[in-house]
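Asker: Following this message is one structure expressed as structure tokens.
The values are calculated or read from the model by the stated rules, or taken from the named source; none is laboratory data. As the structure is a prediction and not an experimental result, all values here were calculated from the model. With ideal geometry, Cβ positions are generated from the backbone for all residues, glycine too; neighbour counts draw on all protein chains shown. Surface areas here come from the heavy atoms of the whole protein model, side chains and all, with no ligands, DNA or RNA. Shrake-Rupley method; radii C 1.70, N 1.55, O 1.52, S 1.80 Å.
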Amino acid sequence: MIKLTSVYKEYPRSGAALKDVSFHVQKGELVFLTGHSGAGKSTVMRLVQMAEQPSAGEVRVSGFSSRTIRRREIPFLRRKLGVVFQDFRLLRDRTAEQNVAFALEVTGVRRAEISQRVNRVLTQVGLSHKAQSFPDELSGGERQRVAIARALANEPLVLLADEPTGNLDEWAGRGVFDLFRDINALGMTVLMATHDLDLVRAHPEYRVIELAQGQVVYDSKAAAPAPHAAPVPVIPTTPAAPAAAAAGGADGQLAIGIFDPREG
Amino acid sequence: MPYALREALSAFRRSPLLAFLSIIAIGFSLFVIGLFGLTAWNIGRAIEKVEEKVEIVAYLDDATTPAQLELAQQEVRALPGVLELRYVTKLEALASAREEMQEFRDVFADLDNNPLPASFEIRMKPGSRTPDAVKRVAERVRAYPFVEDVRYGREWLDKIYQIRRLAGGAATMIGAAFALVAAIIIATAVRIAVFARREEISIMRLVGATDGFVQRPFLLEGVMTGLLGGALAALLTWGSYRVLSATMFRIEMIPGQWMIVVVVVGTVFGFLSSMVAVRRHLEAV
């Protein structure tokens with residue numbers, strides 16, 4: 001579903017953002033992508049959306065490869081991805097309903113179908129009663145639910161969430177994450193970048209990939225954390241870590257190309 | 001209603017102030033061009049009116065035969081640039097001399113012999129009233145053996161021609177400067193309008209709208225803004241013409257085609273500016 005192979009990303013001014021990052025997220029997985037600010041989480045997210053091209057290596061997302069994708073094909077990749085951000089990115093001059101409908105209108109969905117789908121996803125995120133509210137009239141948690149509804153409206157295969165709980169209080173954040181779990185339980189692949197370690201520790205059943213200084217330093221699905229990873233990974237020091245590793249390894253899937261100790 | 005049109009129209013509804021300001025900015029910058037056009041057009045017309053008086057007069061020998069006259073008239077009328085040729089007989093010359101020079105009426109009345117020669121009065125076509133063209137015809141007429149003298153006010157003609165060239169050059173330069181300023185203002189107004197909606201553009205890209213789909217409402221909005229601005233400019237120019245004509249001096253309105261050109265240029269420029277501005281934001285996502 002999402003596969004990064006020896007991905008490097010360098011920016012002309014700030015230098016290397018990712019160094020030899022490889023991981024493979026399978027269909028139906030829910031994966032936490034963790035790490036400090038600047039570790040490269042957002043860069044991974046941008047690469048997966050193909051908003052940027054890797055400097056080296058390859059990013060594959062549901063049949064599209066960063067090596068061969070053309071600019072005019074990117075919209076069709078994006079329609080298979082639902083994206084949620086920390087800052088919600090709702091249009092303030094439109095109601096919740098219009099914000100969700102917008103995603104469908106601009107991808108050319110027939111009008112007759114739009115209202116049906118909007119109702120369905122707003123119900124799914126538990127906001128059908130706030131359909132007519134403007135973003136400023138909604139709480140942070142509610143806004144993020146509208147953003148999730150918008151991400152789901154196009155019936156994507158993958159949900160990408162970049163710090164979706166970062167601007168929310170703990171209670172609202174939990175609510176939003178529960179929504180992701182429900183969505184994942186219905187079979188959707190979810191890749192969630194977060195630095196909310198409490199949240200990650202509370203859910204050891206899900207796979208964790210940790211980035212530090214642009215490298216994968218820990219992947220709970222791998223047999224073992226990288227032996228020479230300099231910064232001590234946060235996850236393994238917690239009691240939940242072995243369980244996470246066990247859960248990751250026990251789901252019967254083969255871990256592919258997570259970290260190559262010969263490089264980096 | 002197609003999505004792009006609906007979206008473009010709702011942009012006017014969502015941010016009326018910004019839309020209004022863009023239209024005003026475009027309208028007034030094109031109005032400056034309209035005013036300039038009005039001025040240039042009227043100066044041009046004034047010069048043309050003076051040039052209409054350009055005339056070549058060939059004085060003829062009294063001994064010229066009718067056959068020679070006939071042939072010469074045919075030949076001169078066929079020369080390039082000649083609009084019309086009028087044959088003025090000796091009698092007509094005397095009559096008009098009496099008419100025009102009242103103070104010498106007595107002198108002309110007492111004559112036994114008419115001393116005034118017959119003449120050809122040759123007028124040139126518009127566009128052929130340049131010193132060179134006039135001189136060429138004058139020289140050609142002078143070549144007839146029965147033509148005694150040719151007059152065409154050479155110095156005066158040279159001056160008019162210089163003024164026309166100066167006015168033309170100044171008009172081109174000032175007009176180009178105004179057009180450039182208008183272009184910059186329109187481009188800026190459109191860019192601000194697009195910038196105000198960059199969030200929308202990035203969300204559209206994010207959810208998988210194609211470039212064309214993202215651009216269309218903005219292009220349409222740019223066209224509508226340009227069109228309305230152009231129409232406003234046309235209206236203001238026409239209003240100025242009416243006010244000036246009524247209060248200060250009679251002027252002519254610039255031709256309708258010029259007005260249409262101003263509106264079309266405003267529209268096209270609105271379209272192009274939108275395209276450039278949207279592309280910039282499209283590439284960021």
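Asker: Go through (1) in contact with a Lys or Arg (Cβ under 9 Å, 6 or more places away or on another chain); (2) free of Cβ contacts under 8 Å to residues at least 40 places away in the same chain; (3) charged (D, E, K, R) and name the single condition residue B:121 misses.
Answerer: In the conditions (1) in contact with a Lys or Arg (Cβ under 9 Å, 6 or more places away or on another chain); (2) free of Cβ contacts under 8 Å to residues at least 40 places away in the same chain; (3) charged (D, E, K, R), residue B:121 misses (2) alone.
Asker: May I pose another question? Of all residues in segment A:93-109, count the ones that are open to solvent by 10 Å² or more (accessible area, probe 1.4 Å) and out of contact with any Ser or Thr (no Cβ under 9 Å at 6 or more places or on another chain).
Answerer: 3
Asker: Applying the selection to segment B:159-212, what residues are surrounded by 17 or more Cβ atoms within 10 Å (Cβ to Cβ), aliphatic (A, V, I, L, M) and at pLDDT 85 or above?
Answerer: Passing the criteria: B:201, B:203, B:204, B:206, B:207, B:209.
Results for (1) within 14 Å of chain B (Cβ to nearest Cβ); (2) without any contact (Cβ under 8 Å) to a residue 24 or more places away in the chain; (3) surrounded by fewer than 23 Cβ atoms within 10 Å (Cβ to Cβ), shown as yes or no for each residue.
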residue	(1), (2), (3)
A:136	no, no, yes
A:157	yes, no, yes
A:181	no, no, yes
A:184	no, no, yes
A:208	no, no, no
A:212	no, no, yes
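Asker: Another question about this same structure. Which of the numbered conditions does residue A:159 fail, given that it passes all the others? Conditions: (1) farther than 23 Å from residue B:11 by Cβ; (2) part of a helix (DSSP H, G or I).
Answerer: Checking residue A:159 against (1) farther than 23 Å from residue B:11 by Cβ; (2) part of a helix (DSSP H, G or I), the one that fails is (2).
Asker: Select from segment B:136-167 the residues that are outside any loop (DSSP other than H, G, I, E, B) and either free of Cβ contacts under 8 Å to residues at least 60 places away in the same chain or touching a Ser or Thr at 6+ places or on another chain (Cβ under 7 Å) (or both) and list them in ascending order.
Answerer: Result: B:136, B:139, B:154, B:155, B:156, B:158, B:159, B:161, B:162, B:165, B:166.
Asker: When only residues in segment A:120-133 that are in contact (Cβ under 8 Å) with a residue 12 or more places away in the chain and in a helix (DSSP H, G or I) count, which is nearest to the other protein chains (Cβ to nearest Cβ)?
Answerer: Among them, the one singled out is A:121.
Asker: Report the residue count in segment A:60-76 for those that are within 12 Å of chain B (Cβ to nearest Cβ) and among the charged types (D, E, K, R).
Answerer: Count: 4.
Asker: Just to be sure, is residue B:276 in a helix (DSSP H, G or I) and at pLDDT 85 or above?
Answerer: yes
Asker: Find all pairs meeting these conditions: Cβ atoms under 9 angstrom apart; at least six residues apart or on different chains; first residue within segment B:209-227 and more than 14 Å from chain A (Cβ to nearest Cβ) and at negative phi; second residue part of a helix (DSSP H, G or I) and of a type in the set (D, E, K, R).
Answerer: B:220/B:7; B:221/B:7
Asker: Which condition breaks for residue A:131 when tested against (1) surrounded by 15 or more Cβ atoms within 10 Å (Cβ to Cβ); (2) within 24 Å of residue A:193 (Cβ to Cβ)?
Answerer: Failing condition for residue A:131: (2).
Asker: Something else now. Which of the residues belonging to segment A:82-108 are over 19 Å from residue A:128 (Cβ atoms) and either within 8 Å of chain B (Cβ to nearest Cβ) or part of a loop (DSSP other than H, G, I, E, B) (or both)?
Answerer: A:83, A:86, A:87, A:89, A:91, A:92, A:93, A:105, A:106, A:107, A:108
Asker: Take segment B:2-27 and flag every residue that is closer than 17 Å to residue B:266 by Cβ and without any contact (Cβ under 8 Å) to a residue 12 or more places away in the chain.
Answerer: Across segment B:2-27, the qualifying residue is only B:20.
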